1. Once the piece of chain linking Val19 and Arg78 is laid out straight, how much longer is it, given 0.36 nm per residue of separation minus the C-alpha distance between them?
2. Which order results if Tyr99, Tyr175 are arranged by neighbouring Cβ count within 10 Å, fewest first?
3. Could you calculate the FRET efficiency of Lys11 with Lys188 from 1/(1 + (r/R0)^6), where r is the beta carbon distance between them and R0 is 41 Å, rounded to 0.05?
4. Rounded if a/c is under 1.5, else prolate if a/b is larger than b/c, else oblate: which is the stretch 83-207, with a ≥ b ≥ c the root eigenvalues of its Cα gyration tensor?
5. Roughly how many Å is it from the Cα centre of the stretch 223-266 to that of the stretch 130-201, as a whole number?
6. Which parts of the stretch 234-261 would a label at Gln197 reach, counting a residue when its backbone N lies under 13 Å from a point 7 Å out along Cα-to-Cβ?
7. Between Thr38 and Leu101, what FRET efficiency comes out of the Förster formula 1/(1 + (r/R0)^6) with R0 = 25 Å and r the beta carbon distance, rounded to 0.05?
8. Stretch Lys47-Ile170 to full length: gain in nm at 0.36 nm per residue minus the Cα-Cα span?
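Bear in mind these aren't lab numbers, they're just calculated from the coordinates by the rules spelled out. Values in this document were obtained by computation on a predicted structure and should not be read as measured data. Cβ: placed from backbone, ideal geometry, glycine included. Neighbour counts: every protein chain shown.
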Amino acid sequence: MAKQPPIKVDKTYPENLAVPVEKFLNYIRFEKQLSPHTQSNYLRDLKVLQDFCLEQNIRNWKQMQPNQMRFFAASAFRKGLGPTSIQRRLSACRSFFNYLLVEGEVEINPVLDVRAPKAPRRLPKTLDVDQMDQLLNMQGEGHVFLRDKAMLEMFYSSGLRLAELVSLNINSIDYSENLVRVVGKGNKTRVLPVGKQALNALKAWLAVRSDWAKNKDEQAIFVSNRGTRISHRNVQQRVKYWAKKQGINHDLHPHQFRHSFASHMLESSSDLRAVQELLGHADISTTQIYTHLDFQHLATIYDKTHPRAHKKNKDDES
């Protein structure tokens, strides 16, 4: 591998700004031996910081203060840069100022307590009940159809995550009790009900599954035509295929079944705790994200339904 040349001073910036950046970049290149991609990211982010300094009439890194770094982050946000990109930029600046601290070039790290704006938690689109009926009223025959029908029915019937559906094994289903045992996040097991339509679709698929899964050691319920456990990517592709075929006019992902399941359950029952348990959420605030409730409505339902969360009324006070 050819030896990398040292980085030279960018003469478009004042020397007091450019030289420390040059030294830092050579430090991460030769001493830290960071990847060329990481070096390129640092170079780009620090150039943006140098441009900001020129705009703010800052000619020496000692002049940089926390309030100016907050303004630097806020300016990027107003210009449309996403929270994740801003956080990466601040991380580069934080590392740079840590280097300057060690070198005695500055007395404080002005980026230390500066954080990027929080990224909004985006909800996936949901299908309403009619759209879900339209999707699941799929017609066809053959192994691919029977498998896909069973997968989609299971997604909606039990609110499964993609990884949970893919990991289902033959012994995961209890047909006598109409239940499925899944292993979710944190390796936590939960037992969920399975609806009649999903059970019927599963039985139809399992009747032909052995034509593909010829290896008796393969325990996966859902297999590809190669006879091995179906991949996450394959499931995603099949969901998109059936959405298009059934006339669903937006890009459908497996997680939207889970969100639709939660929304429809909550619309029908208003039982937030039950939905929380079915989804396997440890924190009720996470269930809030999977519904369209605002926080006040969420808190009201929680107070009414949780036996140890009732608010005291005047008669309860002593």
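1. Gain on extension, Val19 to Arg78, equals 18.3 nm.
2. Working: Tyr99 20, Tyr175 12.
Least to most surrounded, the residues fall as Tyr175, Tyr99.
3. On the way: r = 58 Å, r/R0 = 1.42.
Once the sixth-power term is evaluated, E becomes 0.10.
4. prolate
5. 11
6. Backbone N within reach: 261.
7. Taking R0 as 25 Å, the efficiency between Leu101 and Thr38 is 0.75.
8. 38.6 nm
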